[in-house]
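Nothing in this text is a laboratory measurement; each read-out follows from the coordinates by a stated rule. Note that the coordinates shown come from a computational prediction; the quantities given were computed from them, not determined experimentally. Every residue, glycine as well, gets a Cβ built from its backbone with ideal geometry; the counts of neighbours run over all protein chains shown.
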Amino acid sequence: MRKKLFAFFITAAMLFQSAVFFCYAENTAVPSVSAGSALLLDFDSGKVLYEKDAGVRLGMASTTKIMTALTVVRLTDTALTVTVPKEAVGIEGSSVYLCEGERLTVEELLYALLLSSANDAATALAIFTAGSVEAFCEQMNGYAAELGLKDTHFVNPHGLYDEEHYTTAYDLALISREALKDPLLSEIFSTYKRSLPFCGEADKRLAVNHNKLLRTYDGAIGVKTGFTKKTGRCLVSAARRDGLTLICVTLNAPDDWRDHTALLDYGFENYERRIVADVGEYQYLFPATGAQSGFVTLYNTAPIAFTVRRGEGEAELLVESHAPFVYTPVKKGAVCAILTARCGDETVSSPLTATEDTLRVEHKKSFWRRLTDIFKKD
């Protein structure tokens, strides 16, 4: 009976290893957009699903504040209290009318920054975080370099126009992807309104999110609006449906709300997030000399998932290792093989690790003899 079970599990693992997964749906046409530059990005894989001149350097207006917020949470404890300096009072453009000397937490200022698009909050946060606006912009540019962004440069934390202040739709999508990974920022991006203190009095300021897609688009979770006369309308949006999360960026887009609705619709109608195996769902019996059963059980430590075009592509799984078997003892968590999955032009992989400690047991028969016996008929 035990031999039959071993044979069954090996066969099942081999079948799952070479499994092919399909899904069918009709594809819709690529929409035309008003934007000078546009990009649709899959959040999970980083795959570009649509682009229009996405590598052209353009102004970004207040979408700058996505990087401002990301830099702040990277460098500062958001529970700390900020005393508003005089340099942050009366900044040109959108504002929550901060008063010199009033005290708010970093988190409260982040809500003002991202919901009300407050330029005074951006300046207060920059000075508190780095000591000066100039030093803070150095941090922003340093972080951009770490992210591999070659076409982005910041000279201020709020996005007021400057010829040397620019990005691309592609770079801004990558910045937004990084920001959405932060739990606090992700929560703020999706918040419609928030009460804030005013000169020490609780709930006397109301910050309202400028992103109307939060109210009009199913699944919208952010991100940030922007506008100046010289840059035009700029918008970063994100939405999630059925496990698929999309980021959309438009720069210099006269009809940005329609552009984003059309591009997000295109993404959700044409692509899906296909999960082949979550962490621990793929199990594999790997030969182990000296083990009581003759095998160790392995499982995937990373999810096996793809963003694929509906009606296209297939997922194939392959287990690879440096040797046909392992020697016991084997410790729990030891990497014994690699699971590689391919679907269309995308490849993902996960280490396959031992689910438990496996001790060495002496047997009268050799490992290979026992392995041969498994497949013999009773």
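Points worth noting:
- Ranked packing of 73-79, 253-259, most packed first, by mean Cβ within 10 Å: 253-259, 73-79
- Debye, to nearest 20: dipole size of the chain, +1 on Lys, Arg Cβ, -1 on Asp, Glu Cβ: 1720
- Cα-based Rg of region 61-216 normalised by 2.2 N^0.38 Å, two decimals: 0.97
- Positive-end residue, the chain charge dipole about Cα centroid, Cβ charges, pick of PHE286, ILE91, ALA220: PHE286
- Extension gain, LYS332 to ASP182, is 50.9 nm, computed as 0.36 nm per intervening residue step minus the present C-alpha separation.
- If you plug the beta carbon distance of SER293 and ALA202 into 1/(1 + (r/R0)^6) with R0 = 56 Å, you get a FRET efficiency near 0.30.
- In Hz, Karplus ³J(HN,Hα) per residue of region 84-94 (6.51, -1.76, 1.60; θ = phi - 60°; x = Gly, Pro): 5, x, 5, 5, 9, 9, x, 5, 4, x, 4
- Residue list for region 256-280, given a label point 7 angstrom along the Cα-to-Cβ vector of VAL48 and an amide N cut-off under 14 Å: none
- Computed from phi, the 3J(HN,Hα) profile of region 228-233 under the Karplus parametrisation 6.51, -1.76, 1.60 (θ = phi - 60°) reads 9, 4, 7, 8, x, 7 Hz, with x in place of Gly and Pro.
- Relative contact order computed over the chain (Cα-Cα under 8 Å; 6+ residues apart), in percent: 19
- Given charges at Cβ of Lys, Arg, Asp, Glu: region 61-216 dipole, positive-most of THR68, SER116, LEU147: SER116
- The amide H of ALA315, built 1.01 Å from its N in the peptide plane, has PHE21 as neighbours under 5 Å, considering only residues 5 or more places off or on other chains.
- Amide H contacts of GLU102 (H built 1.01 Å from N, under 5 Å, at least 5 apart or other chain): VAL84
- Charging the Cβ of each Asp and Glu at -1 and of each Lys and Arg at +1, and nothing else, the dipole of region 230-288 about its Cα centre rounds to 240 debye.
- Interchain or long-range residues, amide H under 5 Å from VAL56's placed H: ALA169
- By average C-beta atoms within 10 angstrom, highest first, the peptides 317-325, 173-181, 131-139: 173-181, 131-139, 317-325
- The HN-Hα couplings worked out from phi for region 45-57 by the Karplus form 6.51 cos²θ - 1.76 cosθ + 1.60 (θ = phi - 60°) are 8, x, 6, 7, 9, 7, 8, 9, 6, 6, x, 7, 6 Hz, whole numbers, x standing for Gly and Pro.
- 16 Å reach of a label modelled at ASP218, 7 Å along Cα-to-Cβ, counting backbone N of region 228-261: 239-246, 261
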